[in-house]
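The values are calculated or read from the model by the stated rules, or taken from the named source; none is laboratory data. Worth saying up front: this structure is predicted, and the values here are computed from it rather than measured. Cβ coordinates were reconstructed from backbone atoms using ideal geometry, including for glycine residues, and neighbour counts include every protein chain displayed. Accessible surface is based on the protein model in full, side chains and every heavy atom, while ligands, DNA and RNA are left aside. Shrake-Rupley method; radii C 1.70, N 1.55, O 1.52, S 1.80 Å.
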Amino acid sequence: MSYDVIIVGGGPAGLAAGLYTARMDLKAVLLDRGPLGGQLLNTELVEDYPGFESVLGSELATKMGEHARKFGLEIRDFEPVKEIELEGNTKVVPRYLGVPGEKEFWGRGVSYCAVCDGAFFKGQELAVVGGGDAAVEEGEFLTRYASKVYIVHRRNELRAQPILIDRARNNPKVEVILESAVKGITGNEKVQSVRYEQAGVTKELPVGGVFIFVGFVPNSGLLKMHVDHDEGGYILTGRDMQTSVEGIWAVGDVRSQLTKQISTAVGDGTTAAVAASAYVTSLKDAART
Ligand code: NAP
């Protein structure tokens, strides 16, 4: 089967690209190794996507999928891409903290997804590591289940958006521990405590779970050829989202850019679809002459 456009990844960027390519009458297929939604599925409530004052991440993902399908996008979820000859992968994976105990207790108290695992920690005290939007937002979310959530951050201030910080600070179940570097996670069968260093003093915080939100690294496992990227591994593109490889566009969280929002991912997907459409048309025109 041959397609005009193949989209790898079914997050908001891929789904927007799929909607636009389908509407422009290109033969497009979207592949995702899991269910549709990408990082949307790691978010309980979305409150900053214009037009949706408050919507479940999973619901927004379903709506985006249905919308693109309606216009003829072929969607194949649960279909992992093994290799791309001319590559481009729009997935990201969580960054590991890299402290003793993290790998050992993964799935036994250490988690990278509050929406997926939060309910397992009803009535327990939890630690969240990180100081960005994800740590603060997900930490606050975890208070639905946990009796207390400690946000442990290495700097003297959180770097999340003020609205998220305010919400967390106003939640009596949240306590922020600043200037503290997590050094290890300990336990028996399951996590029992997190060890951190504050002003040269090592401290032990008894918790039933540790949620780690220290950013993402782009998953470039499928990339079999060189594509220009920044020092963090995020793919560099032009204003049309095309990478350094002709015919490959990078969109969403995998792209080097200022912020990672659903709205910017959707914008990336839209731009790439328009550019890809022009590119495919030029190839078809050239083949005819
Ligand atoms: P992020 O913005 O990169 O923040 C990562 C946090 O983890 C930073 O506070 C960083 O500390 C800390 N960190 C990194 N490596 C660490 C280490 N080895 N040890 C201890 N701490 C470490 O990542 P994110 O919060 O996952 O967010 C990713 C992107 O998604 C961002 O663009 C964010 O805006 C977006 N996002 C948006 C929303 C929303 O709008 N509601 C929600 C979630 C995520 P430093 O501060 O010291 O660097």
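Over the stretch 110-212, what is the mean sequence separation of C-alpha contacts under 8 Å (at least six apart), divided by residue count, expressed as relative contact order in percent?
31
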I need the trypsin sites (Lys or Arg not before Pro) found in the stretch 193-274, filtered to DSSP loop residues with at most 14 other beta carbons within 10 Å of theirs.
K224, R239
Largest-first ranking of E102, E231, E59 by accessible area, probe 1.4 Å, whole protein assembly kept, is E231, E59, E102
When all protein chains stay in place, what accessible area (Å², nearest 10, 1.4 Å probe) is found for E246?
120
At 0.36 nm per residue, minus the direct Cα-Cα distance, what do L178 and E104 gain on full extension? Give it in nm, one decimal, please.
24.1 nm
Would you kindly state how much longer the chain becomes between H226 and E204 on full extension, computed as 0.36 nm times their sequence separation minus their alpha carbon distance, in nm to one decimal?
3.5 nm
When every protein chain stays in place and a 1.4 Å probe is rolled, H153, H67 sorted by accessible area with the largest first are H67, H153
Straight-line reach check, K70, cutoff 17 Å on alpha carbons, 8 or more apart in-chain or any other chain, hits among aspartates and glutamates -> D25, E59
Taking the Cα atoms only, what angle lies between the long axis of helix 57-70 and the longest principal axis of the chain, rounded to 10 degrees?
10
Extend 7 Å from the Cα of T62 along its Cα-to-C-beta direction; within the stretch 1-37, residues with backbone N under 15 Å of that point are 35-37
From the phi of every residue in the stretch 170-182, what ³J(HN,Hα) in whole Hz does the Karplus formula 6.51 cos²θ - 1.76 cosθ + 1.60 yield, where θ is phi - 60° and glycine or proline is x?
7, 8, x, 7, 9, 10, 9, 10, 9, 6, 9, 9, 5
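For L258 and K122, calculate 0.36 nm times their separation in residues minus their Cα-Cα distance, and state this gained length in nm to one decimal.
Numbers: separation 136, 0.36 × 136 = 48.96 nm, distance 3.60 nm.
Going from the current span to full extension adds 45.4 nm.
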Along the charge dipole of the chain, which of V55, A286, H67 sits closest to the positive end, that is, farthest toward it, with unit charges on the beta carbon of Lys, Arg, Asp and Glu (+1, +1, -1, -1)?
V55
Provide, for the stretch 110-212, the number of lysine pairs with alpha carbons under 17 Å apart, each pair being eight or more places apart or on different chains.
5
Over the heavy atoms of V81, what accessible area does a 1.4 Å probe trace out, to the nearest 10 Å²?
40
By accessible area with a 1.4 Å probe, ligands and nucleic acids excluded, highest first: order of L283, L45, L73
L283, L45, L73
Restricting to DSSP H runs of at least four residues, report the calculated mean residue ellipticity at 222 nm for the chain, -39500 (n - 2.57) per run over all residues, nearest 500 deg cm²/dmol.
-8000 deg cm²/dmol
For F52 and K284, FRET efficiency with R0 = 35 Å and r from the beta-carbon atoms, rounded to 0.05?
0.40
